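Have a look at the structure below before the remarks.
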Amino acid sequence: MNLSVVIPVFNEEQSIGSLITEISDALIKIDYEIVVVDDCSSDETANVLIKIQKNNQRLRIIRHKKNYGQSFAIRSGVKCAKSSWIATLDGDGQNDPSDIPRLFDALIEKSGKNKNVLIAGFRFKRKDSWLKRISSKYANKVRSGLLQDEVPDTGCGLKLFSRDFFLDLPSFNHMHRYIPALYISRGGVVFSLKVNHRHREKGYSKYGFNNRFWVGITDLFGLMWLQRRSREVVYKEK
Ligand SMILES: Nc1nc2c(ncn2[C@@H]2O[C@H](COP(=O)(O)OP(=O)(O)O)[C@@H](O)[C@H]2O)c(=O)[nH]1
Ligand SMILES: [Mg+2]
């Protein structure tokens, strides 16, 4: 197993099937598994996944007992992953699975012997509503100014990294938007690579101004505190 593709989903009954087909088409040269983490969806997502699994042995389904949020869903998927390399992407089809092989090659090339590399997708042409694009543009500016993580796009769902390094990061609700800053504060190295971004064709967005803006402000203070307290610990057995 070379790569575990981790997908957090909440109520994506209409999108998850075609996304899994696209992943299978895109990863023909890679030995991979797909770990979908269903965060206690209230629609038909669970049944859709079980049906797909009957004809897809690469698919594993993890279901949360209750809705814990996207960050904890990613974490559960990474914990259950069998590979030491992870690709994570959104379950609504906005990220393009055909970007994964190029990003995976970059991860292997940049990593060498180190496991501290994060490949972060950069949605250079975002296909979101006007309000989302504008608010995200300013949020990214404020965030990169305060956290100095120097990434153009922290919230892209498409990211590749090593399982062990990720599981060593602090775990909290909404941490998935700050993975680059958390990486850097632990001595990690981040590479932002341009990726395709697509409109959401089906289903609905789970995030609006209220559950992103106010939460985001609180998170920024928390992140600045975490950065001050973080240390990259280097040790060796003698
Ligand atoms: N596991 C989990 N995933 C979620 C939750 N909310 C959203 N997601 C997933 O996170 C991804 C991004 O969410 P989405 O609604 O598309 O956000 P947007 O692209 O910013 O509008 C999608 O795969 C969602 O299904 C949640 O509460 N739990
Ligand atoms: Mg989306």
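Note on Glu201 and Asp128: their simple-model spin labels are 2.1 nm apart, each label 7 Å out from Cα toward Cβ. Just to be sure I understand: with springs between alpha-carbon atoms less than 10 Å apart, which residue in Ile179, Ile217, Ile23 has the highest mean-square fluctuation in the Gaussian network model of the chain? Highest fluctuation among the options: Ile217.
Go through Tyr235, Tyr178 and list them by solvent-accessible area, largest first, probe radius 1.4 Å. Write out the running numbers ahead of the final one.
Details: Tyr235 190, Tyr178 15 Å².
Descending order: Tyr235, Tyr178.
Between their Cα atoms, which of Lys51/Lys82; Lys79/Lys113; Lys66/Lys159; Lys65/Lys115; Lys79/Lys141 are more than 29 Å away from each other? Please list the in-between numbers first.
Working: Lys51/Lys82 22 Å; Lys79/Lys113 22 Å; Lys66/Lys159 25 Å; Lys65/Lys115 32 Å; Lys79/Lys141 32 Å.
Lys65/Lys115; Lys79/Lys141, as the Cα separations exceed 29 Å there.
In a Gaussian network model over the chain where Cα atoms closer than 10 Å are linked, find which of Asn211, Asn67, Asn140 has the largest mean-square fluctuation. Comparing Asn211, Asn67, Asn140 in a Gaussian network model of the chain, the most mobile one is Asn211. In this structure Glu13 has an accessible area near 70 Å², from a 1.4 Å probe over the protein heavy atoms.
Full extension of the chain between Lys51 and Trp225 yields a length gain of 58.1 nm, computed as 0.36 nm times the residue separation minus the alpha carbon distance.
The heavy atoms of Phe191 offer some 60 square angstrom of accessible surface to a 1.4 angstrom probe. Accessible area ranking (1.4 Å probe, heavy atoms, ligands and nucleic acids excluded), largest first, for Phe10, Phe221, Phe166, Phe124: Phe221, Phe124, Phe10, Phe166.
Taking other residues whose beta carbon is less than 15 angstrom from the beta carbon of Ala81, and scoring Lys, Arg as +1 and Asp, Glu as -1, yields +4.
Report the label-to-label distance for Lys194 and Gln148 in nanometres (one decimal), using points 7 Å from each Cα along the Cα→Cβ vector. For the pair Lys194/Gln148, the computed spacing is 2.9 nm.
What ranking of Met175, Met1 comes out by heavy-atom accessible area, probe 1.4 Å, highest first? Could you put the intermediate results ahead of the total?
Numbers: Met175 10, Met1 95 Å².
The ranking, largest first, comes out as Met1, Met175.
If you run the Gaussian network model on the chain, springs between alpha carbon atoms under 10 Å, then out of Val35, Val189, Val215 the most flexible one is Val215.
Using a cut-off of 12 Å between beta-carbons, work out the net charge of the residues near Ile134 (Lys and Arg +1, Asp and Glu -1, Ile134 not included). Kindly include the intermediate steps, with their values, before the conclusion.
Numbers: positive: Arg126, Lys132, Arg133, Lys137, Lys141; negative: Asp128.
Computed value for this residue: +4.
The values are calculated or read from the model by the stated rules, or taken from the named source; none is laboratory data. Keep in mind that what you see is a predicted model, and the values were worked out from it rather than measured. Neighbour counts run over all protein chains shown; Cβ positions are idealised from the backbone, glycine included. In case anyone asks, the SASA skips ligands and DNA or RNA and just uses the protein heavy atoms, side chains included. Shrake-Rupley method; radii C 1.70, N 1.55, O 1.52, S 1.80 Å.
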